[in-house]
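In what follows, a single structure is set out as structure tokens and then discussed.
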Number of protein chains: 2
Amino acid sequence: MTDAGPDRKPDAEDDPHAADRAAVAGADAETPEPETPKPETPEPETSEPETRDDEWELDPNVVTAATEAAETQDRAALDAALAPLHAADVADLFEQLDHDTRDTVVRMLGSDLDPEILSELEDDVRDDVLAAMEPAHLAAAVRELDADDVVYLVEDLDEDQQGRVLEALEPVERIAVEQSLQYPEYTAGRMMRRDFVAAPPFWTVGQMIDHMRADDDLPDQFHDVVLVDAAMKPVGLAPLSRIMGAGRDRRLDELQRDLMEIIEVLEPQEDVAYGFNQYHMASAPVVDDSGRLLGVIHMEDAMEALDEEADEDLKRLSGVGDESLSDKVLEITKLRFPWLVVNLATAVLASMVISQFDATIQQIVALAVLMPIVASMGGNAATQTLAVAVRALATRDLTASNMRRLVTREAVVGLSNGLIFALLVAVVEVVWYGDALLAGVIAAAMVINMVAAGLAGILIPIALDKAGADPALASGTFVTTVTDVVGFFSFLGLAGLVLL
Amino acid sequence: MTDAGPDRKPDAEDDPHAADRAAVAGADAETPEPETPKPETPEPETSEPETRDDEWELDPNVVTAATEAAETQDRAALDAALAPLHAADVADLFEQLDHDTRDTVVRMLGSDLDPEILSELEDDVRDDVLAAMEPAHLAAAVRELDADDVVYLVEDLDEDQQGRVLEALEPVERIAVEQSLQYPEYTAGRMMRRDFVAAPPFWTVGQMIDHMRADDDLPDQFHDVVLVDAAMKPVGLAPLSRIMGAGRDRRLDELQRDLMEIIEVLEPQEDVAYGFNQYHMASAPVVDDSGRLLGVIHMEDAMEALDEEADEDLKRLSGVGDESLSDKVLEITKLRFPWLVVNLATAVLASMVISQFDATIQQIVALAVLMPIVASMGGNAATQTLAVAVRALATRDLTASNMRRLVTREAVVGLSNGLIFALLVAVVEVVWYGDALLAGVIAAAMVINMVAAGLAGILIPIALDKAGADPALASGTFVTTVTDVVGFFSFLGLAGLVLL
């Protein structure tokens, strides 16, 4: 992975034929063959798809260099360390520094801190960095950012601080930011960009190109021109790639995409991300209640949202809230506490089930030894089903139409795995204790608990989803409660009936 | 969410002023105000960001309609049901139908089956559908697809079937597909598109536009022109939005992006997806060993890869392999079996720990009742840490630079949560059994196990990562083994020492 910045010198300029050879539109590439080592990408590449590639990882030497520069207040060394980094990488570096070092670095950079870094930082670090910046530098930085990045910067600040930052903006820009802040976080209104290019559908390619050339304030990056009617309602999207390939007299609406998904401004970012991925969209217009165009969401923003939502699902499924790597011990302890309390309550519930059978256990201690196996296998099987169900709900693949079939399938899978593991665990028991009756009891309990695991693993997230809750949230705890209770109850209960 | 297809009539055509009002490049949008209900988007929109929005979900009535049409062999009804759907939605529909109905639908559609549907299907369903299609129809469909979609279609077929499909292609196209198939799955070589637009950096905007207009075979959708030198090595990316806004005599290299990440053809798709999201790239050139341009990856492809990788992480963390919703009971049972076997082994290990203390348990049955609480709390705390660590490794935020700090932090969080829950569980014990000594034992065991949980939760994924394995894979089982063993051993061991 190498950067080829704008300073890289093209070396084909003196060869007029190179143009014809190289300008391949719709080319079929040549056969790849190993050749001489290439100068642009000196690192040897791994060929294992599943091996993590450290080339994308921030070089630890950069972190060390930045830390040392901060300690010695060596501005030149700091600049040298940061110079080769993209703003997103500097943001990663800031996230890796400890709090005091980060503050020192921010103060050392002063007005030279690239504003783009601010919009790449994760929430807590961003707030720390904003607090460490001189107000004048912050104001200058904010003026350089696009409105959507400013919104991200200030959304978590209290009203006072927010007001001070917004004062630095031009009135037009400030109004745009304030309007965006009116939409709830994690909605299309917060994701959309307010600088977009729109045109009437009857414009020609020539008119469009002339208009864009005359405009000094074009957005730097966009993929489609939004075609709008007289009421500013989006009626189509014309991709730049088609406009550029068409003659000057073609109308834009002849070039428009087959599909345009219109996003309503309050639509959750999760749904927007899903839509972009489902339909491979490059951009989508965002409209207000009356259908008028307010902004445009780009695929880049949707990809970020998709990543955020995946992060949230994985963490919620594991009982972790909105936690980040930069949180301090106290914050993390607080964030994880509620889930552990819920788990304590359910663990006590499972213990109560066990205590109903304490006389049985006293007579046959082997029951105490073996009972965690039944509970643990159930918990594991349920977690498997749960992961599949949560993902299927997130990707809209588990619907009213196939729900019955999928629930039945999970029960059957639970039954068949239950039968297999009943046999295995019975063998283990016979080898260990040599008690055929007890082997029968644990085998029966295993079958019961594995079926319960399959059903709980799919029905609980479905129920949470129907109730309007996030199916990933708390599912894990509910599901393992079911398998613990059913596991202990069926094993100890059957043992009491059969063995005493 | 509404589709505005190309058949939608723009209604501004007769108003010449509309053009001036509507063509807003870099516009600040107007204040959003609720107005009259809008005609384009009739459904009322939910305003809760976390509520799942069913608008993106496939309408169950469509599934019912398609199923009925298949049963009655009513082709007109089938067409009516499918007509409003995007190819991606038809693919979702196919995935929801049961196997026989799906085959019937595929046969009824015959040569009218939109080839795009094939490239949207998930693996198993795709293979079923390919098997159900007449060879002649399949051949015709394949000829309509881009090379990268054909690759996706045939990659899992056996060599015979693959050969038959590829025979249908034009020789040039077939060679492209065969070349792509030489790269391992889940690498950049499989993700890239081989039809791209490249030009020498000294070309002007005018030359570029004229060249594109003259080319009948432009890719339908792309975001950047790849600037290449005489040796076909990428030296920059010129975004279409900048080319379109620039005068005809500007050179392309004056318009190029600050950042171009060059992807090597064997780079894992996980890393490619990470890079696109980190740097908000619209496209990136893919090169061979000698640095020559082979293809281009678009953000759309990277987003799909990001989604696949998130899916994999979540499922692996829950002990589910490469499983999909359309798998049959036997397949699922087989896929989940290995994880359950590992879990059985570790559960037996935990039971062996318990059996060391069976004499103690016989004397104090309360130990059997309470011991699952210690194990369960440890397992839960470890799962929380694990989720955070796995995500941090996936996003390259847990690195050599901050590893020591983060491991220490997890140990401290484990200690502080351990102290809190030691107190809580001691209170529970006193209320329940009124035994102060036993309360002290369970409290001490809780602290020990929570610290072990924090350490295991972060150290095990780090160790797997260092060993070149996926940290999500198998972490869960290892981690809960640690907390089960430590939990039972510390609780029962301390009880034996203190209480007997």
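Annotations
- Region A:349-356 - phi-based ³J(HN,Hα) in whole Hz, Karplus 6.51/-1.76/1.60, Gly and Pro as x: 4, 4, 5, 4, 4, 4, 5, 4
- Inter-chain shielding of B:392-398 (mean C-beta neighbours from other protein chains, 10 Å cut-off): 5
- Nearest-20 debye value, chain A charge dipole, Cβ charges on Lys, Arg, Asp, Glu: 3400
- You can think of it this way: the chain between A:Arg404 and A:Arg107 has 100.9 nm of extra reach, that is 0.36 nm per residue less the Cα-Cα gap.
- For chain A, the longest principal axis of the C-alpha atoms and the axis of helix A:475-499 are separated by about 10°.
- A:Tyr186 accessible area, assembled protein chains, probe 1.4 Å, Å²: 90
- With a threshold of 28 Å on the Cα-Cα distance, the over-threshold entries among B:Lys328/B:Lys466; A:Lys315/B:Lys466; A:Lys466/B:Lys334; A:Lys315/A:Lys466; B:Lys233/B:Lys466; A:Lys328/A:Lys466 are B:Lys328/B:Lys466; A:Lys466/B:Lys334; B:Lys233/B:Lys466; A:Lys328/A:Lys466.
- Angle of helix B:60-71 to the longest C-alpha principal axis of chain B, folded into 0 to 90 degrees and rounded to 10: 70°.
- In this simple spin-label approximation, A:Glu68 and B:Leu499 carry label points 7 Å from Cα along the Cα→Cβ vector, and these lie 5.7 nm apart.
- Interchain or long-range residues, amide H under 5 Å from A:Met260's placed H: B:Ala4
- Here the Karplus curve 6.51 cos²θ - 1.76 cosθ + 1.60, taken at θ = phi - 60°, turns the phi angles of region B:122-132 into couplings of 6, 2, 5, 5, 4, 5, 4, 5, 4, 5, 7 Hz, with x standing for Gly and Pro.
- Each residue was assigned an accessible area with a 1.4 Å probe, and for A:Asp160 the value is about 110 Å².
- For B:Asp224, neighbours were defined as the other residues whose beta-carbon sits under 11 Å from its Cβ, and their charges (Lys and Arg +1, Asp and Glu -1) total +2.
- Between 0 and 90°, nearest 10: helix A:99-109 axis offset from chain A longest Cα axis: 10
- Inter-chain shielding of B:226-238 (mean C-beta neighbours from other protein chains, 10 Å cut-off): 6
- Annotation: amide H of B:Val228 within the under-5 Å range of B:Ala199, B:Val235, sequence separation 5 or more or interchain, hydrogens built in the peptide plane.
- The magnitude of the dipole of the protein assembly as shown, with charges of +1 and -1 set on the Cβ of Lys/Arg and Asp/Glu and taken from the Cα centre, is near 4260 debye.
- Amide hydrogen proximity for B:Gly295: with H placed 1.01 Å from N in the peptide plane, the residues at 5 or more positions away or on another chain lying under 5 Å are B:Val286.
- For B:Asp216 and B:Ala136, a Förster radius of 30 Å and the Cβ-Cβ distance give a FRET efficiency of 0.65, rounded to the nearest 0.05.
- Student exercise, region B:78-176 dipole from Lys, Arg, Asp, Glu Cβ charges, in Debye to nearest 20: 400
- Expressed as a whole percent, the accessible area of region A:52-186 that falls on carbon and sulfur atoms is 44 (1.4 Å probe).
- Helix-derived mean residue ellipticity, 222 nm - over chain B, DSSP H n ≥ 4, -39500 (n - 2.57), to 500: -19500 deg cm²/dmol
- In order through region B:322-334: 3J(HN,Hα) via Karplus (6.51 cos²θ - 1.76 cosθ + 1.60), integer Hz, x for Gly, Pro: 7, 10, 10, 5, 8, 5, 8, 3, 4, 4, 4, 4, 5
- For A:Lys328, the solvent-accessible surface with a 1.4 Å probe is about 100 Å², rounded to the nearest 10.
- Whole-angstrom gap from region B:374-389 to region B:309-331, using each part's C-alpha centre: 22
- Each peptide in B:96-108, A:342-354 receives the mean, over its residues, of other Cβ atoms within 10 Å, and ordering these scores from highest gives A:342-354, B:96-108.
- Charge-dipole axis of chain B as Lys and Arg at +1 and Asp and Glu at -1 on Cβ define it, positive-most pick from B:Val369, B:Gly236, B:Val142: B:Val369
- Given R0 = 51 Å, the distance between the Cβ atoms of A:Ala83 and A:Arg248 translates into a calculated FRET efficiency of 0.70.
- Å³ per residue enclosed by the Cα convex hull of chain B: 244
- Within the shell defined by Cβ-Cβ distances under 9 Å, the residues around B:Arg143 carry a net charge of -3, with Lys and Arg each +1 and Asp and Glu each -1.
- The listed peptides B:420-428, A:474-482, B:117-125, ordered by packing as a protection proxy, come out as A:474-482, B:117-125, B:420-428 (highest mean of other Cβ atoms within 10 Å first).
- Equivalent ellipsoid of region B:198-317: semi-axes from √(5λ) of the C-alpha gyration tensor, largest first, are 29, 15, 12 Å.
- Panel values: region B:329-499, Kirkwood radius from alpha carbon pairs, Stokes-Einstein at 20 °C and 1.002 mPa s, translational diffusion coefficient 127 µm²/s.
- Rg [Å, one decimal], Dmax [Å, integer] - the protein assembly as shown, C-alpha atoms: 30.3, 96
- Other protein chain Cβ atoms within 10 Å, averaged over every residue that makes up A:58-65: 3
- The distance linking region B:230-303 with region A:401-442 is 53 Å (Cα centroid to Cα centroid, whole angstrom).
- Classification of region B:306-396 by its C-alpha gyration tensor yields an oblate form. The axis ratio a/c (a ≥ b ≥ c) is 1.5 or more, and b/c is at least a/b.
- Rounded FRET efficiency, nearest 0.05, which uses the C-beta distance separating A:Val427 from B:Glu170 and R0 of 45 Å: 0.15
The values are calculated or read from the model by the stated rules, or taken from the named source; none is laboratory data. Source: prediction; values computed, not measured. Glycine gets a Cβ as well: all are built from the backbone with ideal geometry, and neighbour counts include every protein chain shown. Surface accessibility is based on the protein's heavy atoms, side chains included, excluding ligands, DNA and RNA. Shrake-Rupley method; radii C 1.70, N 1.55, O 1.52, S 1.80 Å.
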